[in-house]
Amino acid sequence: MRQCFFRLAVWLAGCVGLKPSHLFPSPSKFFLLRKLVACLKRSAGMGIGVDVACADFKYRDLFKTQRYVGIDLDRDNLEKGLRLHARQGDVGILLNLLELERTPAVADVLVSTHTIASLPAAERIQGVCALADAVMPKGTLFLNLPSESDSDDLEQAMRQRFAKVLRLRYGNRLFMWIENFFAYRTGSKNPLALIFIGAASVACYLLSYLEEISLMRKGGAYTLYWCSLRQGDAVPTPVESLQELSLLSKEEMAALMQSSKEKS
């Protein structure tokens, strides 16, 4: 039975372009991930993809850009990503996202999911604007934030920066209850628990399609901004300039990637 659910999880992950490790019993997270996959497919072939709060590069395989830059404030996660998932030419930056204000126009596509929520409420709008200003002309921004921090003024600020702005509320109350229920129950190694979580993930994946209906998103806990065609004529900043702000030195990053090559 356990093997059956594992195979089902692999198939399910493949349906949304993810890995089994990305699965989580949350309809709203599946909804967001489907949108993310669609966004990154459209960015295929672009120059630089930036993943803010990249953790251990868990979404690395979704990026189809020529270069990948992972930014995170957790040294252990970043080092793990560089050792296990980095490819030739990838860059890992140990940095607080608010520091991006100092290096505008870096990314052709910039992704940041469930990152703004980690900031103090007073800094969230500043964080969104810092991410938006790090996008190069004609580039794309994909992020979400708690709806309590969203506003019409923020939407207007995005429309001043991007020619196309999709603003979606999502996070149905029932779906958020499901997510919160499983939040501290997914670390078990018990076979029965794994089967239950696997079955719940399948059910949540199917439920997530209900959020494609606008009525089901009304009063949602989160807001998604998918903005494209960044306006302006800002001068692009070389990726290498980000490394000057990183708390992880070039030498440390090179050593981690070298150890990855030796193991492979």
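Every number in this text was worked out from the coordinates using simple rules, so none of it is lab data. Everything numeric here is computed off the predicted structure, so don't read it as measured data. Here Cβ is always computed from backbone atoms with ideal geometry, including for glycine, and neighbour counts include all displayed protein chains.
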- prompt: Rg(Cα) of the stretch 24-263 divided by 2.2 N^0.38 Å?
  reply: 1.03
- prompt: When the chain is treated as a GNM, springs tying every alpha-carbon pair under 10 Å, which of Leu206, Leu224, Leu95 comes out with the largest mean-square fluctuation?
  reply: Leu206
- request: Starting from the Cα gyration tensor of the stretch 21-81, take the square roots of the eigenvalues, sort them a ≥ b ≥ c, and report rounded, prolate or oblate (rounded when a/c is under 1.5, otherwise prolate if a/b is larger than b/c, else oblate).
  value: oblate
- prompt: Taking +1 at the Cβ of each Lys and Arg and -1 at the Cβ of each Asp and Glu, which of Ile197, Ala122, Gln66 sits farthest along the dipole of the chain towards its positive end, judged by Cα position relative to the Cα centre?
  reply: Ile197
task: Place a +1 charge on the Cβ of each Lys and Arg in the chain and a -1 charge on the Cβ of each Asp and Glu, then give the dipole magnitude about the Cα centre in debye, rounded to the nearest 20.
output: 1180
